[in-house]
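Worksheet for the structure shown next.
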Amino acid sequence: MQLHNEITAATYFVIALIVTLVAGDFASTFFYHVPQHLWFTLHLRTHHDRRRSYFDHAVLSTSPAILLDGLLGAVPYLAVAALLWRFSWPGALAGLALGQLHVWWRHTSQLGWRTPDRLRRLLRPLSIVLPEDHDGHHRNPDIEFGDIFRFYDAPARALMARLAPTSRRARNACRRATRRVPARA
Ligand SMILES: [Zn+2]
Ligand SMILES: [Zn+2]
């Protein structure tokens with residue numbers, strides 16, 4: 001009975017940990033990250049601020065706008081962890097901790113980190129975002145979506161393509177085009 005309970009608790013722990021990361025990344029990607037890229041400026045002004053190193057604004061900075069972007073991006077993970085709390089709070093907490101470690105790790109390319117081949121071979125089939133992948137998102141903000149899992153990249157890009165006509169970029173382009181018309185007339 002005792003052993004059975006321990007096995008059950010361990011299973012719940014693993015399930016809660018995985019669900020916190022997978023569902024948290026899903027919610028953060030589709031309800032925060034993609035909408036920010038389409039319609040808002042906070043994330044672009046902070047996380048994609050090219051005037052400073054992204055290690056600084058992802059890990060070190062204490063500027064309020066940068067912290068707000070980080071917090072809003074973390075809310076979906078926290079919500080999923082809260083839902084899983086009674087199922088296995090240690091698993092939900094471990095998921096959040098691993099998620100935070102992954103934030104730090106995925107920004108280490110600028111510090112010169114290169115993922116060793118063995119680790120890369122291990123993580124590729126799990127579709128886990130490597131620092132090199134996330135570096136791609138900082139170089140080109142239109143690619144490499146998904147904080148932790150790369151399988152969210154394709155659906156995120158497809159969604160962004162569908163919603164592109166409604167984006168801030170499209171609105172601004174339209175505004176610039178209409179502004180140019182009277183000049184030409
Ligand atoms: Zn980043
Ligand atoms: Zn982004």
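Each residue in segment 79-133 was checked for being crowded, with 17+ Cβ neighbours inside 10 Å and on the phi > 0 side of the Ramachandran plot, and 0 of them qualify. Here is a check on your reading of the model: is residue 92 more than 28 Å from residue 168 (Cβ to Cβ) and modelled with pLDDT under 95? For residue 92, the condition - more than 28 Å from residue 168 (Cβ to Cβ) and modelled with pLDDT under 95 - is not met.
Going through (1) part of a helix (DSSP H, G or I); (2) free of Cβ contacts under 8 Å to residues at least 12 places away in the same chain; (3) crowded, with 16+ Cβ neighbours inside 10 Å one by one, residue 19 falls short only on (2). Of the helices (runs of 4 or more DSSP H) lying entirely inside segment 32-142, those containing at least 2 residues that are among the basic types (Lys, Arg) are 64-106, 117-123. Within segment 29-44, the set of residues being over 15 Å from residue 163 (Cβ atoms) and within 11 Å of ligand 2 (Cβ to nearest atom) comprises 42, 43, 44. When every residue of segment 168-179 is checked against the conditions, none turns out to be of a type in the set (Gly, Ala, Ser) and touching a residue at least 40 places away in the same chain (Cβ under 8 Å). Kindly list the number of the only condition in (1) away from ligand 1 (no atom under 15 Å from the Cβ); (2) closer than 14 Å to residue 33 by Cβ; (3) touching an Asp or Glu at 6+ places or on another chain (Cβ under 7 Å) that fails for residue 160. It fails just one condition, (3).
Do we find that residue 109 is over 18 Å from the mean Cα position of the chain (by Cα) and either under 24 Å from residue 131 (Cβ atoms) or modelled with pLDDT of 95 or more (or both) in this structure? The answer is no for residue 109.
The values are calculated or read from the model by the stated rules, or taken from the named source; none is laboratory data. Note that the structure is a prediction, hence the values are computed from the model and not measured. Reconstructed Cβ throughout: ideal geometry from the backbone, glycine too, with neighbour counts over all protein chains shown.
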